[in-house]
Amino acid sequence: MQKPFSIIEVLNTLKRKYPLFTSEADFQFALAWTIKELYPHVEVRLEWVPSDYDPNMHIDIVVFDDSKMIPIELKYKTRRTDKIVSGERYVLKNHGAQDLGRYDFLKDIARIEFLERHFPAFTEGYCIFLTNDPHYLTKPRAGAYYAPFSIAIGDIKTGSLRWLEGGSSSASRPGIDLLGSYPMEWETYARIDDTDTVFQLVVPIRR
């Protein structure tokens, strides 16, 4: 009998090898490779497209395990840092635009919910956020136009999410409607040194 898929096992294995990544694409490839190493019987697809429903949608990783479908969406947002870890230098960009980073992560959850509704093979899905930017873990100031899209520690995201008045051009993006209820439970992915910690947020979407 094949062992059941566990995203926690995957991430725990990944962090022992890769405490940092050069980019989101680097994170995506390393995660997919680790899944295949741990579960050699599964099929792993990158940038998978549900062509019958939305040919413009690309899902970062989809795991096909016999008759099961497990989609995974990823976000990797960084603040500027220049570190040497295990002999390798990482020069990370300052992505900023945390309002859009939050929004895009919640949009990922909505995309996984879409797949849950349309694909009978769907059994579970995951949205994973890695960041060394602590802004994502803290609540926005009261009344901030992006406050409904906060993903701070302890937040629970559900229902209709809409920008508040007084926003920037990003607030022209459409709102997000979530069917499920999702607690934002941040954990430490890797502690680099006294000035840099990589945080991990894993949101499961289950049928």
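The rows are residues; the columns are (1) open to solvent by less than 40 Å² (accessible area, probe 1.4 Å); (2) of a type in the set (S, T, N, Q).
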site: Thr13; (1), (2): yes, yes
site: Arg45; (1), (2): no, no
site: Ile59; (1), (2): yes, no
site: Lys68; (1), (2): no, no
site: Ile72; (1), (2): yes, no
site: Tyr76; (1), (2): yes, no
site: Arg89; (1), (2): no, no
site: Tyr103; (1), (2): yes, no
Checking Ala144 against (1) outside any helix (DSSP H, G or I); (2) within 21 Å of Gln200 (Cα to Cα); (3) without any contact (Cβ under 8 Å) to a residue 60 or more places away in the chain, the condition it does not meet: (2)
For segment 189-207, which positions are in contact (Cβ under 8 Å) with a residue 60 or more places away in the chain, of a type in the set (Asp, Glu) and open to solvent by 30 Å² or more (accessible area, probe 1.4 Å)? Asp193
Pair list, Cβ under 8 Å, 6 or more apart: segment 171-188 residue closer than 15 Å to Pro148 by Cβ and of a type in the set (D, E, K, R), other residue in a strand (DSSP E or B) and open to solvent by less than 60 Å² (accessible area, probe 1.4 Å): Asp177/Gly159; Asp177/Leu161
Taking strands (runs of 3 or more DSSP E) that do not extend beyond segment 16-88, which have at least 3 residues that are at pLDDT 95 or above? 43-48, 59-65, 68-77
Please go through segment 1-11 and give me each residue that is among the charged types (D, E, K, R) and either open to solvent by less than 10 Å² (accessible area, probe 1.4 Å) or outside any loop (DSSP other than H, G, I, E, B) (or both), ordered by number. Glu9
Using beta carbons and a limit of 7 Å, which pairs, at least six apart or on different chains, have the first residue in segment 121-140 and assigned to a helix (DSSP H, G or I) and the second one open to solvent by 30 Å² or more (accessible area, probe 1.4 Å) and among the β-branched types (Val, Ile, Thr)? Leu137/Ile153
Yes or no: segment 148-157 includes at least one residue that is modelled with pLDDT of 95 or more and part of a strand (DSSP E or B). yes
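The values are calculated or read from the model by the stated rules, or taken from the named source; none is laboratory data. Quick caveat: nothing in here was measured; it's all calculated off a predicted structure. When we count neighbours, we look across all protein chains shown, and the Cβ atoms used for this are built from the backbone with ideal geometry, even at glycine. Remember, those area values only see protein heavy atoms, side chains included, never the ligands or the DNA or RNA. Shrake-Rupley method; radii C 1.70, N 1.55, O 1.52, S 1.80 Å.
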